[in-house]
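The structure appears right after this line, and notes come after that.
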C-alpha cells in the first residue's frame, strides 16, 4: 500500500461487464486509486467510450498490459478470460503484489480437474495450493492472510451460500442435491456473439449446458468442504431474459425432518454483512440485490416431497464477481469488509 | 353442430389473456363460428377495444352471460375464474352443449382435494367423475366421447408431458420427483394487480408459492395415473420476466441407469402431432413454441448425480390453455385434431 | 407458375430475420411451394436448426446459391445484404423469373443517389427504371404488371403510409416534415454484433444515425411522389428495447387548419386491406400489429403548436419486409392480395 | 437544521417509485437523517417490505401523516399525488420547514393554467408566486434563497435542458418546436393499473396523450422564460418498454444556420455538475444515466431539413424527480450541490 494508505489498483482486462463493474466500484472506493486498466484490443480508447456510465467517473484509457506498470500496484485484479491470470500471476506475486483473479484459473484445487474442465494443462499448479478460494463466508481468515485469491464463480457463490449451512449442520443428505440455477444474460460476458443477441434472448427462457457446466466441479468442491465428505450434485443452469441477477433454487433431501432450517440459516449468517436471510415464507427477488454485494436467502419445505428448498439471489456481476472481489480486497488489506460496498441498489 | 357442419361456439369470460387467445384461435378456425362472448364487467364493449390484435378479426361485443344464448351453442368454453364453470355447467350439459372448462373446476377427481386447494366446497361433485381431464396425450379416447372436458393447467401440461413417459416405463423412482417450473407473466392473468406491474416484474426473477401451489395436486394426480402408484413431488414455480412461455425442468432419480431415455421419449410421442422430442443434447427454448400448440422436450443426464432431467417448453396460453382447449374441441367434434392449430409461431 | 397453379418460390439469403419471417409466411401460404433456400455460410444445415419455430414446418436445408436452381422458380426473393440482388437479378429476369428484392438495391430511382448512400456504383442502373417500388397502397397497378419489385424499407413503409394522404391532399406543407421513428431491434438484422447484444440494448433507449440514415432518400422520394413536388424532411430513427415493431411519429405543418384529417385518412385507405385508420383519439400500439401485415394509423392535432401528428405502427418484419413481399407476390401472380396474410397476431 | 449539522428529513407519500428513490438517496446522504416516512394506506408496514432493496438500509415504518412530526423536520419532501402538497405546505412553511414538492402543485405560475390542466382550483395561489421552480440550471440562486421548491416534472427537465441553450441564444425559432419524448414505465407511478401491467407494456411501443399532456404548459412556461417571449410547442410523449429513463428528441428550426450549436451547448453547461454535453456525433443512451442525477445531451443537424435536433436523456426517477429534489435540498441548505449524488450508475 502506498504511504498515504491508498491502495494502488490495476484491472487487467477491463472491457467486459465484470471489469466494468469492478471499475465502477473501485472508482468510488474511498481507499483505492485506480492506476491502470489494460486491454490489448481497446488500447488507447477511453474507458468511458465503452462504458458511458463511467464518463466523468473513470478518466483512464485502456493500455496494453505492461508487467512493470502492473507490478507497481498494490493489487492486480484479473477480469480476463480463463487462462490469462495463471500466466501472469507468478511474476506479480514475486513483485509483492496481491492478486485477485475473477476468472477460474485458481478456483479448483485439483489440476487434473482443472485440465478436464478447461481443456488444457494448468500453467502453475504450484500456486493452486497457495491460492485461497475467495468466499469470505467460508474462508475469511485465510483470505486475510492470502497473496492470491481465486474469486468464486457466480453460480458457485449462490449455490454455496444456499447449501453450505444445511450441509455443515448435517441436516440434509449430501447425495442427490439439485441446483436449478437461473442467470441474467450479463453472465455470458460482453462479446459479439449470436447466441446473446437481443433478438435471440428476449422473451424466451431456456436451459443450457445441461450436459455439464464448468461450475459443477467448483460447486461440488465447495459443498464437499462444507459437508466434510463428497457430495452428489445435479446442476442445471438456465438463461433468463434479464441483464443481471442469479437465482439458485436448491433442493436437498432432509435427513432430520424436525430440523429448524430457518434458525439454522439465521444462525449461520447472523454476523455476515452481505448475507441476508429473509423471514419465513419469503421469496427473494433478484432485483432486490441488483447493483449490490448482497446475497438474499429463503428456505422452504414444499408439500408433496421431503425436500428442503433454499432460494438464493445475488447480482452475478457484484457478489458473483466484482463486488466479492472488492470484499476480498478489503480483507486482504485489513480494511472494513464493507468499505465501498454500502449503497442500496436502485429499484425499480 | 349446426346443419352445415359449423360449430357454434361461446366463450364465457373472454376478457383475460386465455380468453383472448381462445378468441384469436377460434376466429380463424375453419369449422367454428363464434357466436357469443360474455363478460359482466365489459358488457357492451367491442372485443377489439380490449384486444387490438383482434380488430377486424372478431367483430363481437361482450354481452352479459345469458343461459339461453349459451345453451344454443354447440360448445361453451369457460375462460373464467375458478368456481364459475361448476355453477353453470350442469344446465348447459343438460341442454346438450359440450363444455370445456379452462379453469380448475373439474381437474381434480377428489372433491376433498378440490376443497382443500380452492378453499370452498365443490358445487357439483357428481360431475367430477364424468369430466375428462383434457390432456389428449393421456386421455385421447375418453376426450372423444366426453361431454365435459377439464382443460389442464399450464404447469401440469408441461410437467406431465415431461415426466409421464419415464414414469409409465418405470425407469425412474416415483418418489423424490422435482419440477422446477418457470412461467411468463401472462400466466398470472390480466388484471390490475400491483405484483404484476411492469416495474415490479421487469428485469427480475423470483420463485413464488414455494409453500404450496394449486397445481401440485393436479400434477401429482396425473403423474400417479402414469406411474400406476402414488408419487412424491416437489414443485416450485418461478416468474420469468417475459410474456409467454413455460419451461419445466424436471428431475427424477433413475431406477435403470441403462435405460435409453431418448428412445423412450421418441417412442412415446412418435404419433403425437403436438409433442416434439428434440435431438440428444438439445435445450428447448420457450420462444420456439410461442403462439403454437406445441410442447418441445429434451432429456439429459447431467454429470455429478444420478438423475434424469427432462426439459419441457410450452406456450402457457396455447398448449397450456386455449390451444389445448381447441385441440380438445376438435376431438370432441370428430375433427382433425390439428385443425386451426397449424401455423408456425413468429420468431424472433 | 407451375401447371397446377402452385408458385415455386426461392429465398436467397434465408438466414436473417427477414428471411426467416418470409419462410414462415411462405410455408403456410396456400399457393406457394418453397423450393430453394440459399445461404453460403449455412449451406447444408437445416433451416429449423437456425429457426426452431420452423421445426416441422420447413423441411428444407440451406444450399449454396445455384443460378439454375433459382431460375427454375417462378419467383425469387432476395433477403440478402444490399448489393446482392442487383448482381443476380438480370439473369433471373431473363430466365423469366419474377424477382422481389427485400434489400435496398432497387428502391432509389436515381443511381447517383444510390451510390451516395450505399457507397458504390449501382451494378445495373438500367433496371432501376423498370423496377417498381413495392408499396401497394401507392403503386398497386404497376406492381401487378412488374417483373422486378423493390420491396420498401421498414421505416419508409411506416412514414409513407402516415404522410402520403396529407401530402397528396395538399393540406400540409411539404417543407419542415419530421419523422421521429422508433424501431425494435430485429430491424438491425441477425448478426453477431456487439451493439445489438442483449445487455447493450435491454432497458435502454437511444437515437441513432441522427447524422443521416439510408432510409432518408427513400422516404423523401416516396413523399415527393405523393406531394407532386420536392419535400423537406428531418428523419431521426431510434432503437427501442423490443424485438419487433416500428412506430413512426410524423409531424407536418398544417396549411389548411380546417381540414378534416381523420376523414382524409379514412377515405384514402377505405379499400386498403392492410391499412387500418383508428378512431379519433387513438394511439396505435406496435403489439397490435405484431406478426401481421397491418399498418395502423391515428391522427392528432396536439395543442400548443399548429402541427398535424400522424402515428403509424407496423411490424418491421412483416409489413416492413416479408409480409409486404408476400403481398407484392400475390399482386404479381394475380392472387387475392391478402392470401396467406390473414391471421391475427398473438397478444399479449 | 439540527445543532450537529444534520438535516432532519421527512418524506410524505413514500410508497411510490419517486418516494422510494428519494428514500434510497436520502438514506445514504451524509448530511441527512431520515426521520419520518408517511403513508396512509401502508401505515405500520416497514418500508423494506415494499422496497426490498432498502432492507437493512432504511429501518423506518410508514406512519400516518402527523403535522407535528413533519413540522419538527428541517425539510419535508412531498412525493404525493398532485393536490396534496398545496394543502399541507402553508402550515409547514409557517413552522419554519423547507418544502420540496415533487408533484405538480407549485410548478405553474398561473393559477388559471393550473386549474385548466389539473381540473380543480389551486388551494393556495399566493404560494405560487413564492415557489421557486427547482431547475438549478435555470434558477440556482433563487433556489438557494427559497423556502418552497417546485421540483420539475421529468419530461420538462429533459426538454428544458435540451432546448434552453438554443432559445436563450436566439439561434432557433421559438415557434414550431417539437418535443418527441419517450419515457420508461416507472414514470407512470406504482399502482395497480391495467394499462401498466407487464403484459400490456412489454414488447410494445406507443404514444399517449397526444391530445394534450399536463407537462405541456410546464415545458412551455420554462422555454418561454429562456426565450424571453412566448413559444409554440408540440409535445408528444411515448411509453417505452423499459423501467427507467427519458429520452427527449427536440426539434427546432434554425434561425442562424451558421451557429455553432455544439459550442453553444458546451459553453452553457460547462460549469454544471449534472449536465454532460457529449462530443459531436454522439447519441446519448438512457442507460448511461440510470440511477444517477445526470442529463446527457447531444446536438445534430440531420440532412434533408433545416432543423436542429437536440437529444437529451435523464433518469426520470433521479434527475427527473428524486435526485433533482436532493440537488435542490443541497442548494437550500448551503451544501455542496453534488453531495449524496456522486455515484456512477450500474451498466449494464
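Quick one: Debye curve from the C-alpha atoms of region B:7-130, no solvent, what's log10 I(q)/I(0) at q = 0.13, 0.15, 0.18 Å⁻¹? For region B:7-130, the Cα-only Debye profile gives -0.52, -0.67, -0.92.
Counted by neighbouring Cβ atoms within 10 Å, the residues B:206, C:182 run from fewest to most as B:206, C:182. Given R0 = 45 Å, the distance between the Cβ atoms of residue A:195 and residue B:175 translates into a calculated FRET efficiency of 0.75. Could you work out which residue, out of B:79, B:263, B:322, moves most in a Gaussian network model of chain B, that is, has the largest mean-square fluctuation with Cα springs under 10 Å? The residue with the greatest mean-square fluctuation here is B:263. With the simple spin-label model, which puts each label point 7 Å out from Cα in the Cβ direction, the residue B:336 to residue D:130 separation comes to 7.9 nm.
For peptide D:295-302, how many partner chain Cβ atoms fall within 10 Å of a residue's Cβ, on average?
Mean partner shielding for this stretch: 4.
Semi-axes of the equivalent ellipsoid of region C:230-291 are 23, 19, 11 Å, computed as sqrt(5λ) over the eigenvalues of the C-alpha gyration tensor in descending order. Rounded to whole Å, give me the distance from the Cα center of region B:268-294 to that of region C:46-103. About 28 Å separates the Cα centre of region B:268-294 from the one of region C:46-103. For residue C:49, the label point sits 7 Å beyond Cα toward Cβ; its separations from the matching points on the remaining copies run 3.8, 5.2, 5.6 nm, from shortest to longest.
With neighbours defined as other Cβ atoms within 10 Å of a residue's Cβ, the residues A:116, C:24 order from fewest to most as A:116, C:24. Taking every Cα-Cα distance in region B:181-250 and sorting them into 10 Å bins from zero, the calculated P(r) comes out as 19, 45, 25, 10, 1 percent.
Of D:258, D:159, D:207, the residue with the greatest mean-square motion in the GNM of chain D, using alpha carbon springs below 10 Å, is D:258. As a length-normalised measure over Cα pairs under 8 Å and 6 or more apart, the relative contact order of chain C settles at 17 percent. Pair-distance distribution P(r) for chain A, from all Cα-Cα distances in 10 Å bins starting at 0: 6, 26, 35, 24, 8, 1, 0 percent.
Take the Cα of residue D:255, step 7 Å toward its Cβ, do the same at residue A:28, and the gap between the two points is 4.1 nm. Residues of region C:165-186 falling in the label zone of residue C:229, defined by backbone nitrogen less than 14 Å from a point 7 Å along Cα to beta-carbon, are C:167-177. Taking 10 °C and 1.306 mPa s as conditions, region C:122-216 diffuses translationally at an estimated 97 µm²/s according to Stokes-Einstein applied to its Kirkwood radius (Cα pairs). Distance to the D-onto-C rotation axis is smallest for one chain D Cβ; residue and value in angstrom are D:180, 2. When residue A:115 is represented by a point 7 angstrom out along its Cα-to-C-beta vector, the spacings to that point in the other copies are 6.3, 6.8, 8.7 nm, nearest first. From the alpha carbon centroid of region B:241-263 to that of region C:210-252 is 49 Å. When each of the peptides B:225-231, C:340-346, D:330-336 is scored by how many other beta carbons lie within 10 Å of its residues on average, the order from highest to lowest is C:340-346, D:330-336, B:225-231. Using the empirical formula 2.2 N^0.38 Å as the baseline, the Cα radius of gyration of region C:213-348 reaches a ratio of 1.11. Once both labels are positioned 7 Å from their Cα atoms along Cα-to-Cβ, the gap between residue B:6 and residue C:110 label points is 5.4 nm. Relative contact order, whole percent, for region A:7-130 stands at 23, derived from Cα pairs under 8 Å and 6 or more residues apart.
Contact order for region D:154-316, expressed relative to its length and based on alpha carbon pairs under 8 Å spaced 6+ residues apart, stands at 31 percent.
Averaged over peptide A:244-250, the number of partner chain Cβ atoms lying within 10 Å of each residue's Cβ comes to 4.
In terms of surrounding Cβ atoms within a 10 Å radius of their Cβ, C:41, D:39 rank from fewest to most as C:41, D:39. Averaged over the residues of B:229-241, the number of partner chain Cβ atoms lying within 10 Å of the residue Cβ comes to 5.
At 1.306 mPa s and 10 °C, plugging the Kirkwood radius over alpha-carbon pairs of the protein assembly as shown into Stokes-Einstein gives what diffusion coefficient in µm²/s?
It comes out at roughly 48 µm²/s.
Within region B:55-201, the ratio Rg/Rh, alpha carbon atoms throughout and Rh by Kirkwood, equals 1.01.
Comparing B:307, B:317, B:22 in a Gaussian network model of chain B, where Cα atoms under 10 Å apart are tied by springs, the biggest mean-square fluctuation is seen for B:307. A label point on residue C:175, set 7 Å along the Cα-to-Cβ line, lies at 1.3, 8.6, 8.7 nm from each of its counterparts in the other copies, closest listed first.
FYI, it's all coordinate maths here, none of it is from the lab. Quantities reported herein were computed from a predicted structural model and do not represent experimental measurements. No Cβ is skipped: glycine too gets one built from the backbone with ideal geometry, and neighbour counts run over all protein chains shown.
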